[in-house]
Amino acid sequence: MNINWTNVTQADFINYYWQQKPVVLKNAIADFADPIDANDLAGLAMEEVVESRIVKQTNNKWNVQHGPFKEFDDLPEQAWSLLVQGVDRWIPEIYSLRELVNFIPKWSVDDVMVSYSAISGGVGAHLDQYDVFIIQGSGQRQWQVGSVDKSLSQKEVVQDLLQVDDFSPIIDEVLEPGDILYIPPFAPHCGVSLEPSLSYSIGFRAPSQTELLTSFADFIYENEQGKTRFVNENINNSESQDSSTMSDSTVNDLKNFMLESLQNNQFEKFLHQFLTEPTRELDILPSEQEWSEEQLSQLLQSSNIRINKVLALKTSYFIDDQGLHFYCNGTYFKLIDSQQEFVSVLHRSESLDKSNLKSSLNQLENISLLTTLINTGYLFIDE
């Protein structure tokens, strides 16, 4: 599935719109049909492991309820929205919508949120700190979007609902099925459903400096790194030295001492682990059968099975002077260099079979890795 670039080319989008200004991509998906209906979405919102909320507006007052929900009988006829995060983790047809943004690095895609809105439903004017592509499904929704403005601040109108004050829209347009609205970070926007409608929001990861720094600190602690002590060599015997103050050179020495931890391969390992860790629950279930390497090898050689990744599972790998490093769902695997071709296929492919495994099955280390990933539930056999 690819975007049908009509009013804007892909090259122009990347050069002039991506993280710069919003744009409506008209008829971006021809004959778009909803991959989920409102009833199935409501069913997902009843699950404990799925993050969901209902936002209502009654008499100009906002209300937010968080799932899981037991029933939906008390909802009014108008002015409410059901929002369900991470639907791509559970519905293959929703996951396939991520193919629309395959020109953007996969590691940065977070999830696909699906919302169902009654007439006049919405969440008010707000802004996000990450990029989002909103695909209009059935129904119509009017969107107003302003220019990127990092000076804007949001206020919590009720608990867990942030909104911005009125803004001057540069886009004021009704989206119809198959249209896509791209909104960059810090662009205020407000969508109001003109009729019962579904929309699909592909959101991206934008980790903050705090998130990266604290997660990296946890990483080096858990891996028993970063134990080197600072050595203060910046001492002189000048009578003019004030020992009660810290010199600029000492400040710089301490800063550089900290930066040293980012300049070795530990930071690269951290990033690969951090960016493959799930941000929401995945449908991971350990295999009902504990496979042995011999059993799996025989099965692969004797049948036309497929081995699929769990939806939204993230993998990554790199090679350095210490060898081949592979990451799956935040779990680290130290491999040997000859497994690089196999790991590359495993990383790129959502599904494996004889056609893309080929000679990889002749190497015991590859069978061993496959066995481990299947038994842990990261991969599953589709017979």
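Just so you know, all these numbers are worked out from the coordinates, no wet-lab data involved. Bear in mind that the values here come from a model prediction, so they are computed numbers and not experimental data. Counting neighbours? That spans all protein chains shown, and the Cβs are built from the backbone with ideal geometry, glycine included.
Points worth noting:
- When peptides 369-379, 287-297 are ranked by their average number of other Cβ atoms within 10 Å per residue, the highest-first order is 369-379, 287-297.
- DSSP-defined beta bridges in the chain - what % are antiparallel, rounded to 5: 100 percent
- Shape of segment 322-361, Cα gyration tensor, a/c cut at 1.5: oblate
- DSSP-defined beta bridges in segment 20-150 - what % are antiparallel, rounded to 5: 95 percent
- Annotation: peptides 138-149, 333-344, 179-190, ranked by per-residue average of other Cβ atoms within 10 Å with the highest first, follow the order 179-190, 138-149, 333-344.
- For segment 299-365: rounded, prolate or oblate by the Cα gyration tensor [a/c cutoff 1.5]: oblate
- Distribution of pairwise C-alpha distances over the chain, 20 Å bins, in %: 23, 47, 26, 4, 0
- At q = 0.24 Å⁻¹, base-10 log of I(q)/I(0) for segment 63-166 (Debye sum, equal scatterers on each alpha carbon): -1.53
- The packing ranking, built from the mean of other Cβ atoms within 10 Å per residue, places the peptides 33-42, 252-261 in the order 33-42, 252-261, highest first.
- Helix-only CD estimate at 222 nm, as mean residue ellipticity for the chain, using -39500 (n - 2.57) per DSSP H run (n ≥ 4): -6500 deg cm²/dmol
- Cross-link reach list, lysines versus LYS227, counting only Cα pairs under 24 Å and skipping chain neighbours closer than eight places: LYS255, LYS269, LYS334
- Amide hydrogen neighbours beyond the local backbone of GLY121, cut-off 5 Å, H modeled: ALA79, TRP80, SER193
- Cα shape, segment 281-337, gyration tensor, a/c 1.5 rule: oblate
- Mean Cα-pair separation over length for segment 262-383, i.e. relative contact order, pairs under 8 Å, 6 or more apart, %: 36 percent
- The calculated pair-distance distribution of segment 238-337 uses every alpha carbon pair, bins of 10 angstrom beginning at 0, and gives 11, 24, 26, 15, 10, 7, 4, 2, 0 percent.
- Taking all Cα pairs closer than 8 Å and separated by 6 or more residues, the relative contact order of segment 1-157 comes to 24 percent.
- Against the empirical curve 2.2 N^0.38 Å, the C-alpha radius of gyration of segment 181-304 lands at a ratio of 1.90.
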